[in-house]
1. Step by step: first the residues of the stretch 15-64, then only those that are β-branched (Val, Ile, Thr), assigned to a loop (DSSP other than H, G, I, E, B) and touching a Phe, Trp or Tyr at 6+ places or on another chain (Cβ under 9 Å), then the one that is surrounded by the fewest Cβ atoms within 10 Å (Cβ to Cβ). Which residue is that?
2. In the stretch 327-339, which residues are under 25 Å from the mean Cα position of the chain (by Cα) and farther than 24 Å from residue 49 by Cβ?
3. Filter the strands (runs of 3 or more DSSP E) completely within the stretch 564-653 down to those with at least 1 residues that are under 15 Å from the mean Cα position of the chain (by Cα) and among the polar types (S, T, N, Q).
4. Would you mind finding the one in 392, 378, 344, 335 that is free of Cβ contacts under 8 Å to residues at least 12 places away in the same chain and not in a helix (DSSP H, G or I)?
5. Within the stretch 253-271, identify whether any single residue is of a type in the set (Val, Ile, Thr), modelled with pLDDT of 95 or more and buried (at least 16 other Cβ atoms within 10 Å of the Cβ), and answer yes or no.
6. Considering only residues that are assigned to a helix (DSSP H, G or I) and either in contact with a Ser or Thr (Cβ under 9 Å, 6 or more places away or on another chain) or modelled with pLDDT under 95 (or both), look in the stretch 218-234 and name the one that is farthest from residue 515 (Cα to Cα).
7. Which condition breaks for residue 79 when tested against (1) within 24 Å of residue 229 (Cα to Cα); (2) at pLDDT 90 or above?
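The values are calculated or read from the model by the stated rules, or taken from the named source; none is laboratory data. What you are looking at is a predicted structure, and each value in this text was computed from that prediction instead of being measured. Cβ atoms come from the backbone with ideal geometry, glycine included; neighbour counts cover every protein chain shown. These area figures cover heavy atoms from the full protein model, side chains too; ligands, DNA and RNA do not enter into them. Shrake-Rupley method; radii C 1.70, N 1.55, O 1.52, S 1.80 Å.
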Amino acid sequence: MDLFDAQATSRQLDLAGRWLRSFGEGYYTIGSAGHEGNAAVAAALRATDPALLHYRSGAFYCVRAAQAAGWTPADRPEADRPEADRDEAYRDGADWPSGERPEADQPLGERFDAERFDAERSDVGRFDAERGGIDRPAAADGSVEAAPADPDGPGDGSVPDAADPGEPTGGAGSAVDRPIHPGYAEAARDVLRGMVASSSEPLAGGRHKVFGRADLAVVPTTSTIASHLPRAVGMGLAVERLRRLETSGRRDGVPASGGGGATHTSWPPDAIVVCSFGDASVNHASATAAFNTAGWYDHTGLRIPVLFVCEDNGLGISVRSPKGWVETTLRSKPGVRYFSADGGDLPRAYEAAAEAAAWVRRHRRPAVLHLSTVRLMGHAGADAETAYRSPGEIAADLARDPLTATARLLVGAGLATGEELLARYDEIGWQVRRIAEEVLDEPKLTAPADVVAPLAPRRPARVARAVADAAARAGGPGTAARTEAFGGKPPELTGPLTLAQSINAALADGMLDHPQMAVFGEDVGAKGGVYGVTKGLRDRFGVARVFDTLLDETSILGLGLGAGLAGMLPVPEIQYLAYLHNAEDQLRGEAATMQFFTQGAFRNPMVVRVAGLAYQEGFGGHFHNDNSVAVLRDVPGLVIAVPARPDDAAPMLRTCLASAAVDGSVCVFLEPIALYHTRDLYADGDGEWLSRYAEPGAWTGGHVPIGRARVYGVGSAEDVTIITFGNGVPMSLRAAATLADEGIGTRVVDLRWLSPLPVADVIREAAATGRVLVVDETRRSGGVGEGVIAALVDAGYVGAARRVAGVDSFVPLGPAARQVLVSEEAITQGARTLLAR
């Protein structure tokens, strides 16, 4: 009966969404009608199993809310019996030995007699929008009008009173007399608040309609198709790693987290991750990446406890999934165990979900549950499905309505009569209606500042404090461990370092200070990175913290997203900037939106290292010399750091790590490839581009806050201001030296941060000379220079301004690259032209 209530609540929420939309107060009508069988999946899991749910998960969410409030099935024949490992012998639907098949238990101990029910199943009416309680008026005395029979429904549109005269029926003391669980009303209020964009909605606060709440361990997902699956794999990998780390820590007396690390999640060590999606999503590149990554790691022996749930209604809006395609696809995934069930058959769905969850929990390996469903009431409120579906097809789906299937089961088992279930359904409808009317009057977001408040919190004082604390640990109690990690000679004692060497040392210091930090990506382990930036880290910190991934950027970022959410501090590497474009949605749609859609209840701190920009002499072409960063600067809240000098790289990386740990920031650390091993600035052998690594005692004084520029004065520094970044910094400094020989004083401003731009520093330095030359190594259209010029205009700058930027072109191979990239000569000439005005 409890699962029937969850299914009915979900259905009434769909109807409420249509009702709200009918008078312009509802903004989301994609419903769960036909997918209510996922209530059985929720019942088979634990309330502490993190769940990433797709948008047809109303019944699952209702059950999870009730579970969190203390409701659990009376017994879990598979999920909590690790000794019953029957799945090894009876997998993929194989027959159970006679008398041994576990029965699915209806919540509160009411056993479903599925075999008798199958034999006695009879025709029932359907619960559709026309007869749902939400739209029926109340009489003056408060009573509810009886629902008329549905003339289009099968039979007479009624639920049978009872299946067997010899069986007990409903009535006084029957299951139907039990009160509806208050958790369902709480879940309904959450969902309805999302539909009306109420700022009181507990997670997104009116920014989006999501299924999610931190106390329910339900992680919200975006509307991007299948984009949450790579994150689920990352969560599974992180949950298992943290479980092993905690076990090791308890054995060795070492805490699993410490230092300046991110907050650890409260998920229990044996938790499994559940991730649901629709059948059409099977075809999406993100889903392919997630399944492939889960299978790849399983093949290597790493454990990823993830249960994928594919809810298959056969349609992607109007596009049909070819018959048998989804099953064939899911069965063929290597390393991913396959389970299946009919989502319209609640006992069987519960059995299959319990068996699948038990297998994943016991073996810590990935599996997929293929749940067949139907889609009722169209894709969304505005979807006229009669344009692409025949009446017969729609009627066939109505006949498989999971809600009426559960009603048949209850009637057939003698637990209720048809009239009692209709009355209960209507009562739930009126409860949902009352809640919908209440949330209509709740406030909405009305100010830009309120909308963006949770997007990317910045607490610079706390970040600075975290850097100072790290310095105190490195120079105090961590001195011996640090010295040992660096082979007896810390980097500050090794002499001047290149950019690559400085980043390597800062990564090592970060690993020492953040026990849950992990560095991973293509070739970062044994090889130490294609440019040697991660050289030696695996040997120092082990393969659990520094490891190679498969060659797929979507999966690399997905691992980072899940790891951050699980309490780790991930530092994934994207080998080249051009490769990032394969996976941008993992940053835009998933990483950057998490705090925005959860008001900080969930975070995915991450520092993504990306080797990029151009000017690699004698190597590459556009894939290894990519200068396109516009797509990154367009992502709200994303931090983009571009260190040019070794003595900036280390403190900027420390700032990013601290910001990720303290504020949950998502940072992109864009490393100019051409400057990795640069040693000289003005002449061969001058060593002017090398810098000494700061000892821990100097970290606090050398802290580089997010959004602060660095300024170089050349000559009098009074005539022109050059604003640049990355490779533009050494080129501009050389150009400034040439100009100084001509008596022209220059200020060279290294932005260091492309997002947020150091606007205050830019305005100050521009006003100091009244002449600004923006040197932008990215493209003229959509490049960084556009943002700098716009910032100057917005601030009321009235001086002269000019741009030198890359050509709107891909970077060609060989010497031809010089024709489309900024040169020192162009910078020098641009400054002269500016001064000649």
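1. Here is the first cut: in the stretch 15-64, the ones β-branched (Val, Ile, Thr) are 29-30, 41, 48, 63.
Checking which are assigned to a loop (DSSP other than H, G, I, E, B) leaves us with 29-30, 48.
Pick out the ones that are also touching a Phe, Trp or Tyr at 6+ places or on another chain (Cβ under 9 Å) and you get 30, 48.
Working: 30: 17, 48: 15.
Once the filter is applied, the top-ranked residue is 48.
2. Quick first cut of the stretch 327-339, residues under 25 Å from the mean Cα position of the chain (by Cα) only: 329-330, 333-338.
Once the filter is applied, which keeps residues that are under 25 Å from the mean Cα position of the chain (by Cα) and farther than 24 Å from residue 49 by Cβ, the stretch 327-339 yields 329, 334.
3. Working: elements: 569-574, 606-612, 639-641.
Correct list: empty, since no element meets the threshold.
4. On the way: 392 fails: not in a helix (DSSP H, G or I); 344 fails: free of Cβ contacts under 8 Å to residues at least 12 places away in the same chain; 335 fails: free of Cβ contacts under 8 Å to residues at least 12 places away in the same chain.
Within the list 392, 378, 344, 335, the selection yields 378.
5. The first filter runs over the stretch 253-271 and keeps only residues of a type in the set (Val, Ile, Thr), leaving 254, 263, 265.
Filter again for modelled with pLDDT of 95 or more, leaving none.
Checked against the condition, which is being of a type in the set (Val, Ile, Thr), modelled with pLDDT of 95 or more and buried (at least 16 other Cβ atoms within 10 Å of the Cβ), the stretch 253-271 yields no hits at all.
6. Residues of the stretch 218-234 that are assigned to a helix (DSSP H, G or I), as a first pass: 229-234.
Then drop every residue that is not either in contact with a Ser or Thr (Cβ under 9 Å, 6 or more places away or on another chain) or modelled with pLDDT under 95 (or both), which leaves 229-231, 233-234.
Values: 229: 26, 230: 24, 231: 21, 233: 21, 234: 18 Å.
Among residues in the stretch 218-234 that are assigned to a helix (DSSP H, G or I) and either in contact with a Ser or Thr (Cβ under 9 Å, 6 or more places away or on another chain) or modelled with pLDDT under 95 (or both), the one farthest from residue 515 (Cα to Cα) is 229.
7. Unmet condition: (2).
Here's the yes/no breakdown for (1) among the hydroxyl-bearing types (Ser, Thr, Tyr); (2) without any contact (Cβ under 8 Å) to a residue 12 or more places away in the chain; (3) out of contact with any helix residue (DSSP H, G or I) (no Cβ under 8 Å at 6 or more places or on another chain):
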residue: 405; (1), (2), (3): no, no, no
residue: 411; (1), (2), (3): no, no, no
residue: 414; (1), (2), (3): no, no, yes
residue: 434; (1), (2), (3): no, yes, yes
residue: 437; (1), (2), (3): no, yes, yes
residue: 441; (1), (2), (3): no, yes, yes
